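Single-structure report; data block below.
The values are calculated or read from the model by the stated rules, or taken from the named source; none is laboratory data. From a predicted model like this one, the values you see are computed outputs, not experimental measurements. Here the Cβ positions follow ideal geometry from the backbone for every residue, glycine too, while neighbour counts run over all protein chains shown. To get the accessible areas, we keep the full protein, side chains included, count just its heavy atoms, and leave off ligands, DNA and RNA. Shrake-Rupley method; radii C 1.70, N 1.55, O 1.52, S 1.80 Å.
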Amino acid sequence: NQGDVGDAFYIIFSGEVSVHVDGQQVHVLKAGEGFGERSLENDEVRSATCRTNQRSRLIVIRAREYQKLLKAHQNRKISEAMDFLQSKCNIVCHWPYTKAFRLSGLLKRREFKKGNTIMVQGDESIA
């Protein structure tokens, strides 16, 4: 319920769940979608109340297990980034480990379609 402390993350296996904020329905979630992660990741109370609209089956991941999964995922991402930086990135592969490790936490993957402009000569850099 909205305002409660988050205790789990939910994934809808089948059925349908409506999302209510301040008593008003704002969204409907269907199979394959999830909810409840924001309160677990940001240590805040639930921002909405979720109710089933029909008979529904949900996968429930308790807060403690969710935190373990999240940490494992973050560790894997950092490990993959470090492997890339140290083995394939010529400009970084000679940096001290601690400097490369700090950079690894800042990396974001972006995909560009053929012909997309990535930067324009003369534009101010983002620093």
Task: Members of region 7-30 found to be surrounded by 13 or more Cβ atoms within 10 Å (Cβ to Cβ), modelled with pLDDT of 95 or more and charged (D, E, K, R), listed by number - done: E16
TODO: Find all pairs meeting these conditions: Cβ atoms under 7 angstrom apart; at least six residues apart or on different chains; first residue within region 48-72 and touching a residue at least 40 places away in the same chain (Cβ under 8 Å) and farther than 13 Å from V17 by Cβ; second residue open to solvent by less than 70 Å² (accessible area, probe 1.4 Å) and of a type in the set (F, W, Y).
DONE: I61/F9; Y66/F9
- [ ] For region 64-76, state whether one or more residues are in a loop (DSSP other than H, G, I, E, B) and not acidic (D, E).
- [x] no
TODO: Among what's in region 102-127 and is of a type in the set (A, V, I, L, M, F, W, C) and open to solvent by 90 Å² or more (accessible area, probe 1.4 Å), pick the residue that is modelled with the lowest pLDDT.
DONE: A127
Task: Among (1) touching a helix residue (DSSP H, G or I) at 6+ places or on another chain (Cβ under 7 Å); (2) open to solvent by 90 Å² or more (accessible area, probe 1.4 Å), the one test that R62 misses - done: (1)
Open item on the list: Among the residues that make up region 31-44, is at least one of them surrounded by 11 or more Cβ atoms within 10 Å (Cβ to Cβ) and assigned to a strand (DSSP E or B)?
Closed with: yes
- [ ] Please work out which residue is least open to solvent (accessible area, probe 1.4 Å), limiting yourself to region 45-54 and to residues that are under 29 Å from K71 (Cβ atoms) and not in a loop (DSSP other than H, G, I, E, B).
- [x] T49
